[in-house]
Amino acid sequence: MAQAVCGRFAPTPSGRMHLGNVFCALLAWLSAKKQGGSITLRIEDLDKPRCPKGSAELLEDDLHWLGLDWDTGGSNGGKDAPYYQSRRFNIYEAYFTQLQKQGRTYPCFCNRAELHAAQAPHLSDGRVLYPGTCRNLTPEQAAAKALSRNPAQRLRLPDATVGFTDGHYGPYAQNLAAECGDIILRRSDGVYAYQLAVVVDDALMGITEVVRGCDLLSSTPQQLYLYQLLGFEPPSFIHVPLLTAANGRRLSKRDRDLDLGSLRQRFTGPQPLLGLLAFLAGLLPAPEPVSAQELLPLFSWDKVPRSNIIISDELLNPFQL
Ligand code: GLU
């Protein structure tokens with residue numbers, strides 16, 4: 001029997017959800033539900049100080065308002081609880097230790113300023129490719145440095161190409177050494193990195209389909225490498241286009257006028273907003289009020305555009321709907 005599809009919402013509650021987050025959540029929901037699958041809600045609050053108190057609750061309230069229900073996770077709990085990354089550090093620690101025992105990790109004492117000063121190549125997403133400064137420290141050198149600084153922990157990435165077929169963008173491959181560089185698994189303040197947490201959580205929570213913004217396409221090969229090292233079966237990955245402002249800049253939580261706080265005031269209810277997103281996703285010929293359920297028969301990945309989608313001010317005028 002084919003495995004049941006399990007999709008997920010994996011928001012970071014660093015602020016209110018914005019239109020782009022909702023676009024992605026809607027597509028994840030439609031894809032899973034269309035296949036008779038379920039959705040898990042995981043709150044990605046690893047970096048607790050960046051997540052204001054009450055924001056996870058607001059996020060759930062926004063998803064309820066939109067009619068994007070989830071089957072397990074968040075405050076509903078479920079068999080893989082806790083669904084808050086901030087409460088799963090002991091789990092990440094166990095997998096980090098496994099990688100450490102395999103000799104895949106090393107302590108890194110570089111700080112941000114030193115990395116920038118090293119003039120290491122910048123990657124297309126603006127990150128600096130780690131130049132490997134601490135890769136070959138002897139245990140004695142590392143111990144001496146540890147006296148004055150807490151190290152981060154990095155994963156040694158090999159000079160190997162990892163590829164996969166994205167469910168929306170097709171084949172995609174990266175050379176790990178040249179295009180990712182040794183990634184951080186644990187920061188110097190002890191917080192586990194997204195790259196490790198997301199792999200461990202998706203695997204342990206039985207996620208079979210990851211739908212997320214295409215800004216994370218380039219993180220997928222390194223995550224697949226972690227799946228391989230940890231002996232997990234990877235899910236399928238489907239990346240979706242980003243929503244951008246008129247000048248091409250991707251929407252972020254700083255765009256307060258496009259967060260759900262203001263959109264819930266601007267739109268009379270969830271249906272006009274879902275109608276706008278369905279139009280942007282190619283599911284409707286023009287924006288018109290619709291519920292998430294009503295979109296199920298209209299949903300197909302072939303209709304969803306691949307290039308990023310510009311949100312003009314006119315589109316956000318609900319009186320046009
Ligand atoms: N937590 C991430 C975000 O809100 C998403 C991570 C993922 O989907 O893998 O952007």
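The values are calculated or read from the model by the stated rules, or taken from the named source; none is laboratory data. Please read all numbers here as calculations on a predicted model, not as lab measurements. Positions of Cβ are backbone-derived with ideal geometry, glycine not excepted, and every protein chain shown enters the neighbour counts. Ligands, DNA and RNA are stripped out before the accessible areas are found, and what is left, the full protein with its side chains, is counted by its heavy atoms. Shrake-Rupley method; radii C 1.70, N 1.55, O 1.52, S 1.80 Å.
Within segment 231-239, the presence of a residue that is under 30 Å from A152 (Cβ atoms), away from the ligand (no atom under 14 Å from the Cβ), in contact (Cβ under 8 Å) with a residue 40 or more places away in the chain and not small (G, A, S) is excluded. Consider segment 158-173 and keep the residues that are part of a loop (DSSP other than H, G, I, E, B) and in contact with a strand residue (DSSP E or B) (Cβ under 9 Å, 6 or more places away or on another chain). The one that is least open to solvent (accessible area, probe 1.4 Å) is H168. Looking only at residues that are within 12 Å of the ligand (Cβ to nearest atom) and in a helix (DSSP H, G or I) in segment 28-54, which one is most open to solvent (accessible area, probe 1.4 Å)? Of everything passing the filter in segment 28-54, R50 is most open to solvent (accessible area, probe 1.4 Å). Within the option set L137, L147, L176, L155, being among the aliphatic types (A, V, I, L, M) and open to solvent by 60 Å² or more (accessible area, probe 1.4 Å) holds for one residue only, L147. Inside segment 134-149, can you point out the residues that are within 16 Å of L185 (Cα to Cα) and without any contact (Cβ under 8 Å) to a residue 40 or more places away in the chain? Within segment 134-149, C134 is the sole residue that qualifies. When segment 183-220 is filtered for residues that are more than 13 Å from the ligand (Cβ to nearest atom) and in a helix (DSSP H, G or I), only L204 remains. In the set (1) open to solvent by 40 Å² or more (accessible area, probe 1.4 Å); (2) free of Cβ contacts under 8 Å to residues at least 24 places away in the same chain; (3) within 15 Å of the ligand (Cβ to nearest atom), the condition left unmet by N90 is number (3).
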